[in-house]
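Participant: Attaching a single structure in structure tokens format; questions to follow.
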Amino acid sequence: MSRITPGELVERNGGRYASALGIDLASSDSAERFKWFLAAVLYGTRISGVLATRTWHEFAARGVLSPDRIAATGWSGLVFILDAGGYVRYDYKTATKLLEASASLLNDYGGSLDALHDAATGPRDLESRIKTLAKGIGDVTAGIFLRELRGYWNKAEPMLSPLAFRAATALGYLRRGTLDPVRALPRLRQQWAADEQPPGSFADFESALVREGLRLRRRHTL
């Protein structure tokens, strides 16, 4: 048994990253999903979470939080915002990626990620559609984005993050060497339910595990 319940882990580490940014993924407004998509693109690059969060707030401060606003801001304007947040290592590539993804959303789905979800035939097709929005959107970014929509979008069923898997094993939620990430996900759901937590908030537990996995990774690289 672990020394901390799933609910206690969420209280200690925090739940969904989107909630920490003030994004309401439960809202009926599809604009909230795009705000999180922008954040997922920023978090999905090999850059610190602190810098990604700071950069998202730079976008928010300027009201550049929709496909239309990104398109209107243009490549140079996006690079300026990214640099202001300290996102200098990947500023050019990320500006290009955001412009391409916004154009794809506007052209193919009327600018709505909810429309993209509705068009998908299932979880794997949903992931594929997210990744084909722009060059450079891969498994990591799609996983980050869809993880926090688990429980809100019925087709959002990404694989368990390696960081979450590592943390769940280290904390004793999973037995070492007995489960793979595919089989681990239902096991963690069972433990969340056994802790009498709402099924729709399982993504908070998953995000708390990701935070723990990041902490473990930092500790082992020092």
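The values are calculated or read from the model by the stated rules, or taken from the named source; none is laboratory data. If you're wondering where the values come from, they're calculated on a predicted model, not measured in any experiment. Heads up, the Cβs are rebuilt from the backbone with ideal geometry, glycines too, and the neighbour counts pull from every protein chain shown.
Participant: Between Ala95, Ala156, which is small (Gly, Ala, Ser), assigned to a loop (DSSP other than H, G, I, E, B) and either in contact with a strand residue (DSSP E or B) (Cβ under 9 Å, 6 or more places away or on another chain) or at pLDDT 95 or above (or both)?
Facilitator: Result: Ala156 is the single residue among Ala95, Ala156 that is small (Gly, Ala, Ser), assigned to a loop (DSSP other than H, G, I, E, B) and either in contact with a strand residue (DSSP E or B) (Cβ under 9 Å, 6 or more places away or on another chain) or at pLDDT 95 or above (or both).
Results for (1) over 20 Å from the mean Cα position of the chain (by Cα); (2) of a type in the set (Val, Ile, Thr), shown as yes or no for each residue.
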| residue | (1), (2) |
| --- | --- |
| Pro67 | no, no |
| Ile70 | no, yes |
| Val79 | yes, yes |
| Asp91 | no, no |
| Thr94 | no, yes |
| Ser104 | no, no |
| Asp108 | yes, no |
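Participant: So Val64 clears everything in (1) part of a loop (DSSP other than H, G, I, E, B); (2) in contact with a Lys or Arg (Cβ under 9 Å, 6 or more places away or on another chain) except one condition, right? Which one?
Facilitator: Only one criterion is unmet by Val64, namely (2).
Participant: Out of Ala120, Ala170, which single residue is small (Gly, Ala, Ser) and outside the structural domain of Ile81 (by TED's automatic domain parsing)?
Facilitator: On the way: Ala120 fails: outside the structural domain of Ile81 (by TED's automatic domain parsing).
Being small (Gly, Ala, Ser) and outside the structural domain of Ile81 (by TED's automatic domain parsing) holds for just one of Ala120, Ala170, which is Ala170.
Participant: Further question: Whether any residue in the range 1-22 is out of contact with any Cys (no Cβ under 8 Å at 6 or more places or on another chain), over 29 Å from Ala194 (Cα atoms), not hydroxyl-bearing (Ser, Thr, Tyr) and not assigned by TED's automatic domain parsing to the domain that holds Ala203 is what I want to check.
Facilitator: no
Here's the yes/no breakdown for (1) loosely packed, with under 15 Cβ neighbours inside 10 Å; (2) of a type in the set (D, E, K, R); (3) touching a strand residue (DSSP E or B) at 6+ places or on another chain (Cβ under 9 Å); (4) over 17 Å from Leu146 (Cβ atoms):
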site	(1), (2), (3), (4)
Pro6	no, no, no, yes
Glu11	yes, yes, no, yes
Gly15	no, no, no, no
Ala20	yes, no, no, yes
Asp29	yes, yes, no, yes
Arg62	yes, yes, no, yes
Leu65	no, no, no, yes
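Participant: Of the conditions (1) crowded, with 17+ Cβ neighbours inside 10 Å; (2) at pLDDT 95 or above; (3) under 24 Å from Ala208 (Cα atoms); (4) in the same structural domain as Asp108 (by TED's automatic domain parsing), Ile47 satisfies every one except a single condition; which number is it?
Facilitator: The single condition Ile47 does not satisfy is (2).
Participant: Suppose we keep only residues that are farther than 13 Å from Leu171 by Cβ and touching a residue at least 12 places away in the same chain (Cβ under 8 Å) within the range 207-222. Which one would you say is nearest to the chain's Cα centre (by Cα)? Explain how you work it out, then say what you get.
Facilitator: As a first pass, look at the range 207-222 and keep what is farther than 13 Å from Leu171 by Cβ: 207, 214, 217-222.
Still in the list and also touching a residue at least 12 places away in the same chain (Cβ under 8 Å): 207, 214, 217.
Details: Ser207: 9, Leu214: 14, Arg217: 18 Å.
Step by step, filter the range 207-222, then rank; the result is Ser207.
Participant: As an exercise: evaluate Leu174 against (1) in contact (Cβ under 8 Å) with a residue 24 or more places away in the chain; (2) more than 21 Å from the chain's Cα centre (by Cα) and give the number of the one condition it does not meet.
Facilitator: With (1) in contact (Cβ under 8 Å) with a residue 24 or more places away in the chain; (2) more than 21 Å from the chain's Cα centre (by Cα) applied to Leu174, the lone miss is (1).
Participant: Mind listing whichever residues of the range 112-151 are hydroxyl-bearing (Ser, Thr, Tyr) and over 17 Å from Leu38 (Cβ atoms)?
Facilitator: Of everything in the range 112-151, those that are hydroxyl-bearing (Ser, Thr, Tyr) and over 17 Å from Leu38 (Cβ atoms) turn out to be Thr121, Ser128, Thr132.
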